[in-house]
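The structure appears below as structure tokens.
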Amino acid sequence: MNPKHTVTSEFLVKSLLTCILMSIQLATLEAGETYRDRESPPKTLSKAADITDRAAGTHNGSNIGLFFENRGKLYPRRLADGPSGEFPINSGHHYIYRINPFVGVAPDAASGRQANVLQGRYTENEEFEAVGGYHNPDFARVAMSDQPNTWPSTGWPVKDTQGNPVVVSSQDSYCVFDDQNNTVETLDIQLAQTGYAFGLAYAEDLLFFTYEITNNSSTTYDSVYFGMYLDFDIGNISGGDPEYLDDVLGFDASNDFVTLRDETDYSAEWGGATGIIGLTLLETPSMGGITDLHYNLAGSDIDDDSLQMVILSSNQDYLPANFLLDDYVHTGTDGNIHIDDVTLIEQGTSSEYVITLSAGPFDLGPNDTLKFITCIVAGVNEADLNNNLLVAQELYALDFETPKPPVTPTLSAVAGSNEVTLYWTNAIEDQADQISGILDFEGYKLYRSVDRGVSWDQIDRNTFPETGANPVPLASFDRING
């Protein structure tokens, strides 16, 4: 017999409202932004059906909270949608303004191909579009491993060669998008994005994203670059003082690690010390790490594919006539045109910089796939940050094999008179721990959400802030075994 639990009709109403609000939330993602300038909505859709495939998700299974979309955006358009690199989670301290993956294909004179950079960063030309079939179409929510109601009808979308579901972390996410909205020329390039959040004390300050870039066309593309566009903000609050203007950029070339911290390590907006955040590139097809790194003033951040190819590849031959190379390439005394000398940034200048790191060039033939693994790393100070970077590298070296909580049972509900009866599967009770091999199942905890799935708790923390940091389960069932 499956375990079951009965709850009141109030829970059913709140559950239905959660679904309705989530659908409204994704529909209104196209509205304007009030947190700094964020971004305006895209003006056109490539086809009417595209919007039905769009979805968003929230990684909140670790100590970094992040709302993201299945269109190449690792941030919310508004903070009301969800956390934006919130660290520690539930602190209200958000470190990410924008993070976007880029894919650049260099121009080719023989075929007449122009420079073509695929991106979801510039909302006047949002080129990435969601690919359907990878989440439950009844919800505008990205498939999350700990939320079976977000999965497609075929089950968890990541499977091994035998068709078994593959879940790597405490909270995996999976989505797919392609360049069907390409404003230059559609290349039929697809990105599969997988997120990993570990609910383990030693790995909770990490958030991994894997990108698999597949060529679905019959054309071979040479000189392909993968890039990550980074706009971190340290110490800022929506509508407050521009704390982001005194951030300090750092680059650890030996670890392919880009970091940003506050110049004073203090935010008057937050009323205390600030932490440090960074992004590392852990895997590329050549295992060569970051090949190019450039920064530029936020005001010089222009949506021009030829300019973006210069930033991704450092090839100044692509530079449009109306741009200055010195605004985007900052060569130090070593003369390395590919890696900017970040020490050239004069501190205390009240300027905001954005960063683009990239790896390439690579050949991408028909049906070929290029794989890249990144990790967002946070720390309360430099020592903590470096320790967390080491943990990220060790997890990657172990192919992310860690002790994991059991797979969440499949949950279903049956409505009754003023009640809802919940049923869930119990197959996990007889499954041994993947690492120890021990049958160590101890019970179930049942949670509900009152904030549209941002957190899972039966208590409204806005009404009852004294509840504490730990989620309160709706019900607990502990195996009595001594």
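The values are calculated or read from the model by the stated rules, or taken from the named source; none is laboratory data. Predicted model only: the values in this text are computed from it and were never measured. In this analysis, Cβ positions are derived from the backbone assuming ideal geometry, glycine residues included, and neighbour counts consider all displayed protein chains. Ligands, DNA and RNA are stripped out before the accessible areas are found, and what is left, the full protein with its side chains, is counted by its heavy atoms. Shrake-Rupley method; radii C 1.70, N 1.55, O 1.52, S 1.80 Å.
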| task | Might you check whether a residue that is within 25 Å of the chain's Cα centre (by Cα) and either over 23 Å from Glu185 (Cα atoms) or open to solvent by 20 Å² or more (accessible area, probe 1.4 Å) (or both) occurs anywhere in segment 313-332? | result | no
| remark: Reported set for segment 333-343 where residues are assigned to a helix (DSSP H, G or I) and open to solvent by 50 Å² or more (accessible area, probe 1.4 Å) is Thr343
| remark: Flagged in segment 412-431 as at pLDDT below 90, surrounded by fewer than 14 Cβ atoms within 10 Å (Cβ to Cβ) and either touching a helix residue (DSSP H, G or I) at 6+ places or on another chain (Cβ under 9 Å) or not small (Gly, Ala, Ser) (or both), in numbering order, are Asp430, Gln431
| message | Please pick out the residue among Ile438, Ile428 that is of a type in the set (A, V, I, L, M, F, W, C) and within 30 Å of the chain's Cα centre (by Cα). | response | Ile428
| query | Does Thr280 satisfy being in a strand (DSSP E or B) and among the β-branched types (Val, Ile, Thr)? | reply | yes
| note | The residue from Glu127, Glu185 that alone is open to solvent by less than 10 Å² (accessible area, probe 1.4 Å), of a type outside the set (Val, Ile, Thr) and part of a loop (DSSP other than H, G, I, E, B) is Glu127
| remark: Taking segment 84-118 and keeping only residues that are open to solvent by 10 Å² or more (accessible area, probe 1.4 Å), in a loop (DSSP other than H, G, I, E, B) and either touching a Gly at 6+ places or on another chain (Cβ under 6 Å) or closer than 29 Å to Tyr134 by Cα (or both), one is left with Ile89, Asn90
| request: Determine whether segment 189-198 contains at least one residue that is open to solvent by 10 Å² or more (accessible area, probe 1.4 Å) and either touching a Lys or Arg at 6+ places or on another chain (Cβ under 9 Å) or not in a strand (DSSP E or B) (or both). | output: no
| All positions within segment 344-395 that are of a type in the set (S, T, N, Q) and either assigned to a helix (DSSP H, G or I) or open to solvent by 10 Å² or more (accessible area, probe 1.4 Å) (or both) | Gln347, Thr349, Ser350, Ser351, Asn367, Thr369, Asn381, Asn386, Asn387, Asn388, Gln393
| field | Single condition Ala273 does not satisfy, out of (1) within 25 Å of Ile373 (Cα to Cα); (2) at pLDDT 95 or above | value | (1)
| message | Report every pair of residues separated by at least 6 positions or lying on different chains whose Cβ atoms are under 6 Å apart, first residue within segment 212-223 and outside any strand (DSSP E or B), second hydrophobic (A, V, I, L, M, F, W, C). | response | none
| request: Mind counting the residues in segment 289-306 that are in a helix (DSSP H, G or I) and surrounded by 22 or more Cβ atoms within 10 Å (Cβ to Cβ)? | output: 1
| request: Can you work out which of the residues in segment 458-478 that are open to solvent by less than 50 Å² (accessible area, probe 1.4 Å) and at pLDDT below 75 is farthest from Phe139 (Cα to Cα)? | output: Gly468
